[in-house]
Amino acid sequence: MRHVEHPSEVLEVGGEIEVEEIGRRHDGQLLLSARACENQELREFIVGTRPGQVVSGTVSGVHDFGVFVHLDGEPEGVCTGFIRVPDLSCSWIDHPSDVVEPGQRITAEVITSETRSGQVTVSLNTLQDVNPRDRG
C-alpha cells in the first residue's frame, strides 16, 4: 500500500508473492493485485463485507466529494468506509454536512467492498423509507 518506484523494491525474481485476482483483460489475461493481500487483517475484513449487508460506524470526515466512515470491526489505523454524495440522502442536499457530521454514529448498507483499494462503499439512502419516485 506504499508507493514504490520499481517492482524490484518489493519483488525478487523467483520469489513467492500472494496476490488476488482483480479481473481479466479482454484477451483473457489475468489482472492481479499484491496490494490486496498486504494487510491480511484488512483483507479479511473487506472480504467479509458483502453488498446488502447492514453495517454501523462513526463518521470521521465530511468533504465535498463524500464522507469517510470508520466501520465497526475494521482493523485499527484504517478507515474503510466511504459514502458517495448521491448515497447520502434520497433528497437534494447542498453539502454532505447537511446529512452527517464528524463523530456521528451511522447505520448504512454496503454497496461494494474492494480489497484492492481497501474501501467499503456504503449508502445511507438505501435504508431510508422515502422513495424519491413517490414524491410529487
For this session: Collect the residues in segment 105-123 that are more than 30 Å from S33 (Cα to Cα) and surrounded by 14 or more Cβ atoms within 10 Å (Cβ to Cβ), keeping them in residue-number order.
Result: I106
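Working only within segment 114-131, note down all residues that are farther than 15 Å from H70 by Cβ and out of contact with any Asp or Glu (no Cβ under 7 Å at 6 or more places or on another chain).
Step one: filter segment 114-131 for residues farther than 15 Å from H70 by Cβ, giving 114-117, 123-131.
Across segment 114-131, the qualifying residues are E114, R116, S117, Q128, D129, V130, N131.
Give the residues of segment 85-110 that are in contact with a Gly (Cβ under 7 Å, 6 or more places away or on another chain) and either modelled with pLDDT under 95 or not charged (D, E, K, R) (or both), sorted by residue number.
Pass one, segment 85-110, residues in contact with a Gly (Cβ under 7 Å, 6 or more places away or on another chain): 85, 96, 102, 106, 109-110.
Across segment 85-110, the qualifying residues are V85, P96, P102, I106, V110.
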For this session: Kindly indicate the residue of segment 45-79 that is out of contact with any Ser or Thr (no Cβ under 8 Å at 6 or more places or on another chain) and of a type in the set (V, I, T) and also surrounded by the most Cβ atoms within 10 Å (Cβ to Cβ) among those meeting that condition.
Result: V67
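Which fully enclosed strands (runs of 3 or more DSSP E) of segment 1-102 have 3 or more residues being within 18 Å of T121 (Cβ to Cβ) and not small (G, A, S)? Lay out the reasoning, then the answer.
Details: elements: 20-24, 30-33, 54-63, 66-71, 81-84.
Because the criterion is at least 3 residues that are within 18 Å of T121 (Cβ to Cβ) and not small (G, A, S), the strands (runs of 3 or more DSSP E) in segment 1-102 that meet it are 54-63, 66-71, 81-84.
Listed residues G57, G15; which is touching a His at 6+ places or on another chain (Cβ under 6 Å), at pLDDT 75 or above and among the small types (G, A, S)? Please lay out each step first, then the result.
On the way: G15 fails: touching a His at 6+ places or on another chain (Cβ under 6 Å).
Answer to the selection: G57.
The values are calculated or read from the model by the stated rules, or taken from the named source; none is laboratory data. Remember, predicted model here, so these are calculated numbers, not experimental data. Cβ sites come from the backbone with ideal geometry, for glycine too, and all protein chains shown count toward neighbours.
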